[in-house]
Structure formats: structure tokens, C-alpha cells
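Asker: This is the structure I want to talk about, given as C-alpha cells.
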Amino acid sequence: GNKIRVFSSYGKLLTRSGAVDLTFKTYNAQGSGGIMYKDAYYYNCYNLDQLCRFDMTTESVLYAKLPYVGFNDKFPYCTVSSCYGYSDMDLATDENGLWVLYATEQNFGNLVVSQINATDLSILNSWNTTLYKRSATNAFMVCGIVYATRYLNSEVEEIFYMFDTTTGVERNDLAIQIRKVSSGIQYMNYNPRDKTLYVYSDAYLVSYSLLFA
């Protein structure tokens, strides 16, 4: 797309009032993996193996190549029967900053987790996992740990996988079920400020409060 619609608060978003539309003058966005972080919107540059940073104040765009990334539906998120289009690059945030989740041929299509410098888009650190990205429907970050979901049925999604970037511990047996309002989940991201997982599910905006023992 070539526009981003901005609401001044979550309440305004729910009532669909007071929106301001900003237009990308260069480097349109592609896919559902974009995210707002501080004063910028981060996304997959259209039809390119690059990340883009759209400054919400100056409306300027910074871009940087993401090495070896699969793009244009090479390694999207998938259910058992179909895939979510152009979900190759998934931006995420947590207490530690900005991340991008993707896959590469060098890692055999498995998930790669990279922490990104929010100012210049350089990679601060990167981890290869053994999770085949097409086997997951989505993923999100919490405290430096990536969690991945998979489709169980039209009513239930399951958090089944985790990888801890601090310890290197990897598990695929979590079996944490999430009740859904609709069958598909195109986007999810954790907000560390309110400890809430925000989800876009077939035109529904849904939030889940997270509790960690």
C-alpha cells in the first residue's frame, strides 16, 4: 500500500475517528508485517529484499537491505491449507527494542531472528532457529524470546514454539491455546508498555492480556 492511517489514540482507533492519512512518496509498503515504533513506521519495502523506515514527522523514508532474506512470498507464514500473502518479513517489538523475523535459504527456510537498530536499520545481532517458517502462522517477541503460533482449527490458535535469544533454549512443545474470534490471524504483536498481545484477525482487532509465571 502507499498510505498509512494514523489515529492519535487506541480509543480513536476503536471509534474510527480523528484519523490522519500519510502517503509514502517513495518505497511503498508490502505485506502485513509492518509496525509502529517510537516516531517511525517500519515495513517491508514493496517488491524488495529491504526494510524501510518511514519517519512520521518528516515523512522521509530510510531503507536498508536485509541480507539473504526470502521475500515476495518465498517464506511466508502459513496455515495447513494456505499462506498469508507477503508475510515474509515480520517486524516486532518488545522490552529490548525492534526486531525482524524472517527466513533465508542459508538457514533452509527456517526462522531467523534479528535485532534491528531503529535509527539506521543495521542488524545488531542475529540468531538462526530450527523452526521452518512456513510451519508457523505468526510470531511475536517478549523479553528477547520469540514465540510462534500455528493453526489448530477455526476457533483455536496455538502458541507451540519459543526461542530464547539470551540462552539459546528452543522448545516446540508449549501447547498454549488462544481462542479466536475468526479463523485467520494476519498479524500479532506484543506491546511491552501494557503487557498486551494485539491481533488483527479477519478485520477484527483483538487484544489478549499476557501473564508470565
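The values are calculated or read from the model by the stated rules, or taken from the named source; none is laboratory data. Only a predicted model underlies this, so the values are computations on that prediction, with no experimental measurement involved. All Cβ positions, even for glycine, are placed from backbone atoms using ideal geometry, and neighbour counts span all protein chains on display. These accessible areas exclude ligands, DNA and RNA; they are computed on the full protein's heavy atoms, side chains included. Shrake-Rupley method; radii C 1.70, N 1.55, O 1.52, S 1.80 Å.
Asker: So which residues in region 90-144 are of a type in the set (F, W, Y) and either over 19 Å from N72 (Cβ atoms) or in a strand (DSSP E or B) (or both)?
Answerer: W99, Y102, W127, Y132, F140
Asker: Using beta carbons and a limit of 7 Å, which pairs, at least six apart or on different chains, have the first residue in region 193-211 and over 19 Å from S154 (Cα atoms) and the second one in a loop (DSSP other than H, G, I, E, B) and at pLDDT 95 or above?
Answerer: Qualifying pairs under 7 Å: none.
Asker: On to the next question. Answer yes if at least one residue in region 32-46 is out of contact with any helix residue (DSSP H, G or I) (no Cβ under 8 Å at 6 or more places or on another chain), under 20 Å from I123 (Cβ atoms), buried (at least 18 other Cβ atoms within 10 Å of the Cβ) and hydrophobic (A, V, I, L, M, F, W, C), and no otherwise.
Answerer: yes
Asker: Have a look at S154, S183, S81, S87 and point out the one that is assigned to a loop (DSSP other than H, G, I, E, B), more than 29 Å from N47 (Cα to Cα) and either open to solvent by 20 Å² or more (accessible area, probe 1.4 Å) or touching a residue at least 40 places away in the same chain (Cβ under 8 Å) (or both).
Answerer: S154
Asker: Could you list all residues from region 105-136 that are in contact (Cβ under 8 Å) with a residue 12 or more places away in the chain, of a type in the set (S, T, Y) and open to solvent by 10 Å² or more (accessible area, probe 1.4 Å)?
Answerer: S122, S126, T130, Y132, S135
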